[in-house]
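Here's the structure, in structure tokens; my notes come after.
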2 protein chains.
Amino acid sequence: MIELDTLTENQNNLCIDLIEKKQYSEFLREIETMPYADVAEVIEESDDVTEVMKIILADSDSKAGRITSYLSEADQLELFDNLPTESFAKLFANMEPDIRVDLFQLIPEDERKQFLRFLDHKTVGNLFLLDSYDPDSAGGIMSTEFEAVCIGMTVEEVITELKDIEHRTHNLFYIFVIDDDKVLKGRVSIRELLFADKDEIIGDIVKDIIAAAHVDEDQEDVAKKFEKYDLYNIPVINGKNQLVGLINSDDILDVIREEETEDMEKLMGISQGDHELSYLESSIFSHFKKRVIWLIGLTILGVVSGLVIQEFEETLHKYVVLAFFMPLIAATGGNVGSQAASVIIRALALDEISIDEWFEIIFKELRIALMIAVSLGILAFFGVSLIGQNMTTADGPSIYLIAQTIGVALSLQVISAIMFGTCFPLIVKFFKGDPALVASPAITTFVDITGLIIYFTTATVMLIG
Amino acid sequence: MIELDTLTENQNNLCIDLIEKKQYSEFLREIETMPYADVAEVIEESDDVTEVMKIILADSDSKAGRITSYLSEADQLELFDNLPTESFAKLFANMEPDIRVDLFQLIPEDERKQFLRFLDHKTVGNLFLLDSYDPDSAGGIMSTEFEAVCIGMTVEEVITELKDIEHRTHNLFYIFVIDDDKVLKGRVSIRELLFADKDEIIGDIVKDIIAAAHVDEDQEDVAKKFEKYDLYNIPVINGKNQLVGLINSDDILDVIREEETEDMEKLMGISQGDHELSYLESSIFSHFKKRVIWLIGLTILGVVSGLVIQEFEETLHKYVVLAFFMPLIAATGGNVGSQAASVIIRALALDEISIDEWFEIIFKELRIALMIAVSLGILAFFGVSLIGQNMTTADGPSIYLIAQTIGVALSLQVISAIMFGTCFPLIVKFFKGDPALVASPAITTFVDITGLIIYFTTATVMLIG
């Protein structure tokens, strides 16, 4: 909404202005009705995050905590460093539990113990409980802020209880129903409460849960349940079927973004760290480390490929013109191979294909490979014929024979590279590995070597016979 | 939830069994309480989608339409082909509006007009209205099934109206409030209705909208609003601020998956079609077309790079050993260049960086490049020294000099490739283009050529002097 967007922008600018002029009471009044995300944006644009947060803290611990949850992790850490520990503890206790855990892991280990003493038992308990789950599991992303009511209560009792609880209103569409042992029994929507008889027992109007996540379930599997059932939230249960948390669709948006970034990085041979800061926030060395690991392996492979070419030294000596088109063969192989691999990896990730369908997949890719091979082979033949007029000496083979050789070799390289790009991810998946790991750089380097063998073998056969 | 997952699986298997045994009334009773997504899964696993859908249609048009919305597009088309047109029209009229539009575009053009005559005015109107929006805009993904009430109504009137409307319950957390001209005025949550005085006027309890989407707004921008404000749904308005639709978080999950797939494909030089079927559903030729476009350009570039190497024919003739390590130089350049490009493209896509910060970004990448250059350069020097013992003849330069040359050239190639990989996406972004387009294959092929120039220039300087 263009108008609403402009309104938001104007309000944000006004707030930044008020902060600059130190008109803090007007600033506090202004943010009263603003979404937390916008307030966080305003604070991030101000010169002194700590100063502004002190003002908000003086007004309301709870609001300050909520807003801090929307700040970048770098700014959250800045607050930890610059606020008096006691003030920061108040903020921390009011942050969203799942975001708080992530922040806690960024606090230097030697300062954690000291900091814990400023927190109340409940916060510490919640912190360590959430921390005990794998960060990529349902437990690692769930919120512990949810409503649950007992199956034996009446509609009226539930409504009264709901009135008393303070919370983020937008979380409250479903109320989960549990028994005395906290075992999840179902859900009622607020809408159902609206139309229900006030004396009715919740147990009589409770509906089945559509889907639930186990605390240890992988976050990607939880995301797939959201996509399959079009969910807004999902209850999280433990091994005893007790309700322990709630995952909302906004958490799942984050999960999908995070997993996509990881997949894209894996495709490019960038290895994964434990906890990721954003691009500018993370150190040069952490970037270096993430990228160099694969590169070292690939460089070693590259050096070894020198040995392969050496085998064909004689052919190469005789027809130096072959060296001119080595990059063409290698690059095309890398391109078609990683195209095929990324298409397969993506289709596997989205459950569009499964490895049971391996024959269908390979057969399909083979036909695609043939079409691409013929197209590029012919193109290369004409290209080389055209530009290669002065490339060979009088006593060498004609440029047309060279062009034929290159066309045939390129076609063979395309077919083999697409087959490698197709089969590698399927094989890795079969052995329960992550297909994205055998991605672009690995395949590129591999088909560089196979491509050179194909190239020089073809040349030896066609030129020397 | 392990137990719930097993229950779901058992129920699905039971249904498949019932279909096989043609016990249709038991099947209809069983699916009564099942989520539509599960029923769709069962139908897709059965041998005859059309047969099963006929049974469900005989039971309820509305249920059959809902379930069809969850089927794959290939199955939806199968129903179009095999059901009597009149039956299919009933199904179609009950499908979710946004999914229906996508399906309509897949129906062969010459059959569309004939089919339209079986539909009622309202469905046709809705269809063409939704069809008029860009499929990648808010209008293209919004649902037209939403609740809106007038600002002048009382709480009691609203509750009575809600009772009368049949709909997917899980859509109904907020009720949007409009005035007599359908202009969006705000929202009330069902929870607020629960606690409000029955005689109160909605206008007095209405809350501001946190965010809204304009019908023509790009779907990726809408997704960013969801992520920023942690939304469950967003109202869609037209140029007159009238409420025209609603986008739910499940639509946004689809948008993000789709955009990520596109980005990944762009990274791999796979061009985009208008409407994408899943991997196995799309034709060989459409796969071929998507992949070959970039490849043709890159092959031409590859042929041209032959001309570049020809310039160094003399050096190459003298030191054939240099040809052995051409693939190393080219592949490493491609790898580091596309790593850098994809990191930058990803950070731009997630708004972690903006082009205003170009200096900071380039400086950061330069330092990373230096670290990688030094590491790989030293590695290549030792590698080549080790394996290259018998690669040079007595009268040629020593293998150590060759290894030094390769180490230096590789370092220079790493630095230049990372700089190209960093700057290209930033430049494209500056000119409002899509950074993902100058991705892996383009950069790989480009740095292949610059790498060869660097390589032979370094060799000429160091070996010939």
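The values are calculated or read from the model by the stated rules, or taken from the named source; none is laboratory data. As the structure is a computational prediction, the values presented were derived from the model and not from experiment. So basically every Cβ, Gly included, is an ideal-geometry build from the backbone, and we count neighbours across all protein chains shown.
Among the numbered criteria (1) more than 8 Å from chain B (Cβ to nearest Cβ); (2) more than 23 Å from B:Ile329 (Cβ to Cβ), which single criterion is violated by A:Val414?
Exception for A:Val414: condition (2).
Going by the conditions given, is A:Ser354 at pLDDT 85 or above, of a type in the set (S, T, N, Q) and within 31 Å of the chain's Cα centre (by Cα)?
It is true that A:Ser354 is at pLDDT 85 or above, of a type in the set (S, T, N, Q) and within 31 Å of the chain's Cα centre (by Cα).
Looking at A:Ala459, A:Ala394, A:Ala442, which one is within 12 Å of chain B (Cβ to nearest Cβ) and at pLDDT below 95?
Only one candidate passes the filter, namely A:Ala442.
Suppose the filter is surrounded by fewer than 18 Cβ atoms within 10 Å (Cβ to Cβ) and either at the interface with chain B (Cβ under 7 Å from one of its Cβ atoms) or at pLDDT below 90 (or both); does A:Ser271 pass it?
Answer is yes for this residue.
Tell me which residues, restricted to region B:112-165, are over 20 Å from B:Asn248 (Cβ atoms), among the charged types (D, E, K, R) and within 13 Å of another protein chain (Cβ to nearest Cβ).
The answer is B:Glu156, B:Glu161, B:Lys163, B:Asp164.
Hey, among the residues in region A:327-351 that are surrounded by fewer than 24 Cβ atoms within 10 Å (Cβ to Cβ) and free of Cβ contacts under 8 Å to residues at least 24 places away in the same chain, which one's farthest from the other protein chains (Cβ to nearest Cβ)?
The qualifying residue farthest from the other protein chains (Cβ to nearest Cβ) is A:Leu350.
Sort out for me the helices (runs of 4 or more DSSP H) sitting completely within region B:26-91 that have 2 or more residues that are away from every other protein chain (no Cβ under 14 Å).
B:49-59, B:61-70, B:73-82
So is A:Ile300 within 7 Å of chain B (Cβ to nearest Cβ) and crowded, with 20+ Cβ neighbours inside 10 Å or not?
no
Name the residues in region B:362-375 that are facing chain A (nearest Cβ under 7 Å) and buried (at least 17 other Cβ atoms within 10 Å of the Cβ), would you?
Across region B:362-375, the qualifying residues are B:Lys364, B:Ile368, B:Met371, B:Ile372, B:Ser375.
So for region B:240-258 (the condition being within 16 Å of the chain's Cα centre (by Cα), more than 9 Å from every other protein chain (Cβ to nearest Cβ) and either without any contact (Cβ under 8 Å) to a residue 60 or more places away in the chain or on the phi < 0 side of the Ramachandran plot (or both)), does at least one residue qualify?
yes
Could you pull out the residue among B:Phe359, B:Phe324 that is aromatic (Phe, Trp, Tyr) and either crowded, with 24+ Cβ neighbours inside 10 Å or in contact with a Leu (Cβ under 6 Å, 6 or more places away or on another chain) (or both)?
Within the list B:Phe359, B:Phe324, the selection yields B:Phe324.
Tally time: how many residues in region A:353-378 are in contact with a helix residue (DSSP H, G or I) (Cβ under 7 Å, 6 or more places away or on another chain) and free of Cβ contacts under 8 Å to residues at least 24 places away in the same chain?
5
Among what's in region B:351-367 and is out of contact with any Lys or Arg (no Cβ under 7 Å at 6 or more places or on another chain) and of a type outside the set (D, E, K, R), pick the residue that is nearest to B:Val336 (Cα to Cα).
Result: B:Leu366.
Restricting to region A:410-465, count the residues that are surrounded by 18 or more Cβ atoms within 10 Å (Cβ to Cβ) and outside any helix (DSSP H, G or I).
2
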